[in-house]
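Structure, as structure tokens:
The values are calculated or read from the model by the stated rules, or taken from the named source; none is laboratory data. This structure is a prediction, so every number in the text was calculated from the model and none was measured. Counting neighbours? That spans all protein chains shown, and the Cβs are built from the backbone with ideal geometry, glycine included. These area figures cover heavy atoms from the full protein model, side chains too; ligands, DNA and RNA do not enter into them. Shrake-Rupley method; radii C 1.70, N 1.55, O 1.52, S 1.80 Å.
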Amino acid sequence: MKLVSYKTEDREHLGVFVNGHIYNLNSCDKLIPDNMNEFLKGGEVLMERAKRIDDQIKEGSLEAKEEIFYEILAPVPHPTSCRDGYAFRQHVAAARRNRKVDMIPQFDEYPIFYFTNHNAIQGTGEIECMPDHFDKLDFELELAIVIGKKGRNIKAAEADEYIAGYMVMNDMSARTLQMEEMLLNLGPAKGKDFSTVIGPWLVTPDELLQYKVAPKEGHVGNAYDLKMTCRVNGIEVSKGNAADMDWTFAEIIERCAYGVDILPGDVIGSGTVGTGCFLELNGTGLLNDPNYKVQWLQPGDVVEMEITGLGALTNTITKAGTDFSILALKKK
């Protein structure tokens, strides 16, 4: 089942995406809330009701309301929180190699994550960036999960049961801001907090069973053979596979939930797949060729991310109509 959040006029709704069409769930079953957050709080009971409607629409046994005029939103427009992981060893190793530092051994000891701005979640459409963001503006090709039920101190062996679904994720990054603030060893902030993109819909785990593979040796949890690609202005710049995650989402959830509640509506990203951002691609290019032409996102660029089974997420980069700069405010 593909769950979608969308807007008609000034009101948000919840629907299912079937064969290129959106059908409103609440109009089919009044016990299903007409927004994603309340739906997720209903847990497995509401999920099963929605799946029955989805099946009936696919079978043609239910005449559901098809939406005609709508705006697609992020599948979870108002997450309760947003964390991003660091699950792909290939990306971490390449980034450190490009900086001429050794691979950090702690990567193989435990999964890590950081909190980003859950109020800056976006879906398909325009991403408006400030002038400072365009100083090395970057995409990050990831996949993400949404938590479907409350839990605490969850073991990795049971953690996949807490996943409501999967999405494509673009963790937008302003690299100059990020690099400056990371010098203070407090973690990313202004380099990341302006936009995290998820979508185009929330795909329930049952749709991915055909792609299921074994996790990496010594790891626990579900893994999936899903091709991941990113195109900028129609040109493929990145490709990878979700099966290359070294840390599984189950293991990341185990760490997230240690001593704290995870909640329905929490979004957790995988971290960047190998080759999944310009920072890595530029670094590798310059390492091999000092004359390599680096690339960063520019106003008007169209970024298309696609993951097998999860759909394609498309965004256009735009520039805010201001010259306000926080980089210019630095004390000398």
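Observations on the model:
- Other-chain or far-sequence residues with amide H under 5 Å of VAL237's (modelled H): CYS230, ARG231, VAL232
- Centre separation in Å (Cα based) which lies between segment 154-201 and segment 256-332: 10 Å
- For segment 58-148: relative contact order, % (alpha-carbon pairs under 8 angstrom, 6 or more apart): 37 percent
- Within a Gaussian network of the chain (alpha carbon springs, distance under 10 Å), most fluctuating of GLU280, GLU142, GLU48: GLU48
- Segment 110-165 - charge dipole about Cα centre, Lys and Arg +1 at Cβ, Asp and Glu -1, debye rounded to 20: 500 debye
- Protection proxy ranking of 206-216, 73-83 - average other beta-carbon atoms within 10 Å, highest first: 73-83, 206-216
- Shape of segment 2-72, Cα gyration tensor, a/c cut at 1.5: oblate
- Considering only ALA74, ASN98, VAL45, and ranking their Cα positions along the charge dipole of segment 43-128 that arises from unit charges at the beta-carbon of Lys, Arg, Asp and Glu, the one farthest toward the positive end is ASN98.
- Taking the chain and dividing mean pair separation by its residue count, relative contact order in percent (alpha carbons under 8 Å, at least six apart): 23 percent
- Label reach from ALA328 (point 7 Å along Cα→C-beta): in segment 161-200, amide nitrogens under 18 Å belong to 176-177.
- Charged neighbours of VAL302, selected by a Cβ distance under 14 Å, balance to -4 (K, R count +1; D, E count -1).
- Split the accessible area of the chain by element, probe 1.4 Å, and carbon with sulfur accounts for 50%.
- Structure-derived P(r) over Cα pairs in 20 Å bins from 0, in percent - corresponding label in [x] 28, 46, 16, 6, 3, 1, 0; [y] 33, 61, 6; [z] 31, 58, 11, 0: [z]
- FRET efficiency estimate (nearest 0.05) - Cβ-Cβ, ASN291 to ARG96, R0 25 angstrom: 0.60
- The stretch between GLU217 and ASN185, if pulled fully straight at 0.36 nm per residue, gains 8.3 nm over its current Cα-Cα span.
- Ranked packing of 115-121, 26-32, 288-294, most packed first, by mean Cβ within 10 Å: 115-121, 26-32, 288-294
- Rounded if a/c under 1.5, otherwise prolate or oblate - segment 126-241, Cα gyration tensor axes: prolate
- Rounded to the nearest 20 debye, the dipole magnitude of segment 2-72 is 160 debye, with +1 charges on Lys and Arg beta carbons, -1 on Asp and Glu beta carbons, and the Cα centre as origin.
- Max mean-square fluctuation residue, GNM over the chain, Cα-Cα springs under 10 Å, options ILE163, ILE112, ILE68: ILE68
- Segment 147-215: relative contact order as a whole-number percent, Cα under 8 Å and 6+ apart: 33 percent
- Packing-based order for 167-174, 9-16, 324-331, 187-194, using average beta carbon neighbours within 10 Å, highest first: 167-174, 187-194, 9-16, 324-331
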